[in-house]
Amino acid sequence: MRTPRWSCCARPLMGKRIDRGGCGAVLKCVEREGVTLTLTRREGSGRPVLIVPGVMADAAGWQPVVDALDVAGPVYVLNRRGRQPSGALGPDYTLRTEIDDVVHVLDAIVAAEGTGQEVDLFGWSFGGLVALESAAQRLEAVHSLTLYEPVVRPFGHHAIDALQRAAAADDLDRAVEIVNRDVSGFTAEYVARLRRSDAWEVLRPLAAPLARELTALNEHPTELAALGALDVPVTLLLGAANEGVPPYGDVFARIASALPRARVVVMPGQGHLAHVQDPESLARHIGQALDRAGRGARETDASLS
């Protein structure tokens with residue numbers, strides 16, 4: 001297998017530093033089958049972390065979590081295809097495309113950070129499923145897996161027709177409304193406040209690939225029972241506001257049941273958007289999961305010595 005490497009990307013953002021809250025991040029890129037995948041990288045020394053966002057999010061949206069994350073190693077955040085400055089979804093896009101992208105990125109990170117350097121892999125929502133499937137495919141590259149309210153089919157399938165109509169009409173405002181009201185279940189008042197905020201203009205381009213992403217999710221045959229046998233530390237994060245409540249709490253319960261060895265952590269006062277609403281708290285929970293996984297590995301090494 002050819003080892004993927006960071007390329008000297010010609011995109012104008014390549015190498016640009018992203019500084020928020022005193023922490024610096026540099027944009028990196030890697031190519032897979034002619035498509036550019038970009039990532040931010042916060043400097044560090046030690047085991048790397050890779051964050052895989054879900055729909056309606058990109059690396060910039062997760063930068064406050066990165067800034068607050070207390071880990072020594074470098075922290076990467078993937079701009080999944082379909083969000084700038086990564087490439088387009090492509091004509092043959094499926095969830096397998098996303099999984100293969102993340103596997104390729106894992107290989108690139110391991111190659112860049114040094115032989116034997118496993119990755120702490122984190123995924124949120126749609127990105128949580130992608131991370132879970134990717135870990136199963138490249139287990140030797142993954143040290144631990146932390147999933148914040150991952151989703152699996154059937155999820156949001158009732159909104160796909162409306163999202164496809166919005167996409168055909170190039171109506172990004174309607175797409176943002178649909179995902180918030182009909183998929184996530186937020187109130188009309190919440191969406192009205194969101195529309196009046198600066199965040200609306202950030203969300204509009206992120207909604208462009210949404211119909212195809214949800215279609216890919218609902219067409220992907222995830223074998224949850226097989227994934228339950230993963231031999232890495234797994235932590236499942238759930239916002240307390242979503243416990244037992246659809247659309248996220250019920251699918252979370254299905255995934256938690258299928259992963260009986262996973263540690264479930266309920267985050268008080270949180271819902272599905274802690275990376276936006278309380279990034280410091282989410283970073284603390286991620287850090288605790290990584291610390292626990294690291295302690296477990298050290299204890300195992302000590303017992304074998």
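In region 137-158, which residue that is of a type in the set (D, E, K, R) and over 22 Å from Tyr248 (Cβ atoms) is most open to solvent (accessible area, probe 1.4 Å)? Even if it seems obvious, please write down each step before you answer.
Step one: list which residues in region 137-158 are of a type in the set (D, E, K, R), which gives 138, 140, 149, 153.
Pick out the ones that are also over 22 Å from Tyr248 (Cβ atoms) and you get 138, 140.
Values: Arg138: 38, Glu140: 128 Å².
It comes out as Glu140.
Yes or no: region 274-287 includes at least one residue that is open to solvent by less than 20 Å² (accessible area, probe 1.4 Å) and touching a Lys or Arg at 6+ places or on another chain (Cβ under 9 Å).
Checked against the condition, which is being open to solvent by less than 20 Å² (accessible area, probe 1.4 Å) and touching a Lys or Arg at 6+ places or on another chain (Cβ under 9 Å), region 274-287 yields no hits at all.
Those residues that are among the β-branched types (Val, Ile, Thr) and exposed (fewer than 15 other Cβ atoms within 10 Å of the Cβ), I need them from region 240-263; list them, please.
Val245
Would a scan of region 94-106 turn up a residue that is touching a residue at least 40 places away in the same chain (Cβ under 8 Å) and outside any helix (DSSP H, G or I)?
Here is the first cut: in region 94-106, the ones touching a residue at least 40 places away in the same chain (Cβ under 8 Å) are 94-98, 100-102, 104-106.
Those still in the list that are outside any helix (DSSP H, G or I) too: 94.
Yes, region 94-106 has at least one match.
So, in region 183-204, exactly how many residues are part of a helix (DSSP H, G or I) and open to solvent by 70 Å² or more (accessible area, probe 1.4 Å)? Spell out the reasoning first.
The first filter runs over region 183-204 and keeps only residues part of a helix (DSSP H, G or I), leaving 183, 188-196, 199-204.
Narrowing further to those that are open to solvent by 70 Å² or more (accessible area, probe 1.4 Å): 189, 193, 195-196, 201-202.
Number of matching residues: 6.
Being crowded, with 16+ Cβ neighbours inside 10 Å and modelled with pLDDT under 95 is the requirement here; does Pro64 meet it?
Details: crowded, with 16+ Cβ neighbours inside 10 Å: yes; modelled with pLDDT under 95: no.
No.
Being under 28 Å from Ala262 (Cβ atoms), among the small types (Gly, Ala, Ser), out of contact with any helix residue (DSSP H, G or I) (no Cβ under 7 Å at 6 or more places or on another chain) and assigned to a helix (DSSP H, G or I) is the filter here, so list the residues in region 121-180 that pass it.
Matches in region 121-180: Gly127, Gly128, Ala135.
From the set of residues in region 234-263 that are of a type in the set (Lys, Arg) and not in a helix (DSSP H, G or I), which is farthest from the chain's Cα centre (by Cα)?
Restricting attention to region 234-263, the residues satisfying the condition of being of a type in the set (Lys, Arg) are 254, 261, 263.
Still in the running and not in a helix (DSSP H, G or I): 261, 263.
Numbers: Arg261: 21, Arg263: 19 Å.
Step by step, filter region 234-263, then rank; the result is Arg261.
Name the residue that is nearest to Val130 (Cα to Cα), counting only residues in region 205-225 that are surrounded by 15 or more Cβ atoms within 10 Å (Cβ to Cβ) and free of Cβ contacts under 8 Å to residues at least 60 places away in the same chain.
Thr215
Which one is surrounded by the fewest Cβ atoms within 10 Å (Cβ to Cβ) among residues in region 226-239 that are touching a residue at least 24 places away in the same chain (Cβ under 8 Å) and among the small types (Gly, Ala, Ser)?
Here is the first cut: in region 226-239, the residues touching a residue at least 24 places away in the same chain (Cβ under 8 Å) are 226-228, 230-239.
Add one more test, that the residue is among the small types (Gly, Ala, Ser), and what stays is 226, 228, 239.
On the way: Ala226: 10, Gly228: 15, Gly239: 24.
Restricting to residues being touching a residue at least 24 places away in the same chain (Cβ under 8 Å) and among the small types (Gly, Ala, Ser), the top hit is Ala226.
Tell me, which residue of region 67-81 that is hydrophobic (A, V, I, L, M, F, W, C) and open to solvent by less than 10 Å² (accessible area, probe 1.4 Å) is farthest from Ile99 (Cα to Cα)? Spell out how you get there, then give the answer.
Of region 67-81, the ones hydrophobic (A, V, I, L, M, F, W, C) are 68-69, 71-72, 75, 77-78.
Still in the running and open to solvent by less than 10 Å² (accessible area, probe 1.4 Å): 69, 75, 77-78.
Working: Leu69: 25, Val75: 19, Val77: 15, Leu78: 12 Å.
The extreme case among them is Leu69.
I'd like the full set of residues that are at positive phi and under 18 Å from the mean Cα position of the chain (by Cα), limited to region 86-126. Full working, then the answer.
Let us first name the residues in region 86-126 that are at positive phi, namely 90, 114, 116, 125.
Selection gives Ser125 alone.
Has region 82-100 got any residue that is open to solvent by 10 Å² or more (accessible area, probe 1.4 Å), touching a Phe, Trp or Tyr at 6+ places or on another chain (Cβ under 9 Å) and at pLDDT 95 or above?
yes
For region 112-125, which positions are touching a residue at least 60 places away in the same chain (Cβ under 8 Å), farther than 12 Å from Ile51 by Cα and not polar (S, T, N, Q)?
Filtering region 112-125 for residues touching a residue at least 60 places away in the same chain (Cβ under 8 Å) gives 112-113, 117-125.
Applying the additional criterion that residues be farther than 12 Å from Ile51 by Cα yields 112-113, 117-118.
Across region 112-125, the qualifying residues are Ala112, Glu113, Glu118.
Run down Ser45, Ser134 and say which single residue is surrounded by fewer than 23 Cβ atoms within 10 Å (Cβ to Cβ) and either in contact with a His (Cβ under 9 Å, 6 or more places away or on another chain) or not aromatic (Phe, Trp, Tyr) (or both). Before the answer, list the steps.
On the way: Ser134 fails: surrounded by fewer than 23 Cβ atoms within 10 Å (Cβ to Cβ).
On inspection, the qualifying residue turns out to be Ser45.
Give me the pairs, please: first residue somewhere in region 272-297 and more than 13 Å from Val232 (Cα to Cα), second residue anywhere and charged (D, E, K, R) and open to solvent by less than 20 Å² (accessible area, probe 1.4 Å), beta-carbon distance under 9 Å, and either six or more positions apart or on two chains.
Correct list of pairs: His272/Glu149; Ile286/Asp120.
The values are calculated or read from the model by the stated rules, or taken from the named source; none is laboratory data. Keep in mind that this is a model prediction, so the values were computed, not measured. Here Cβ is always computed from backbone atoms with ideal geometry, including for glycine, and neighbour counts include all displayed protein chains. Side chains are part of the model used for accessible areas, which takes the heavy atoms of the whole protein and leaves out ligands, DNA and RNA. Shrake-Rupley method; radii C 1.70, N 1.55, O 1.52, S 1.80 Å.
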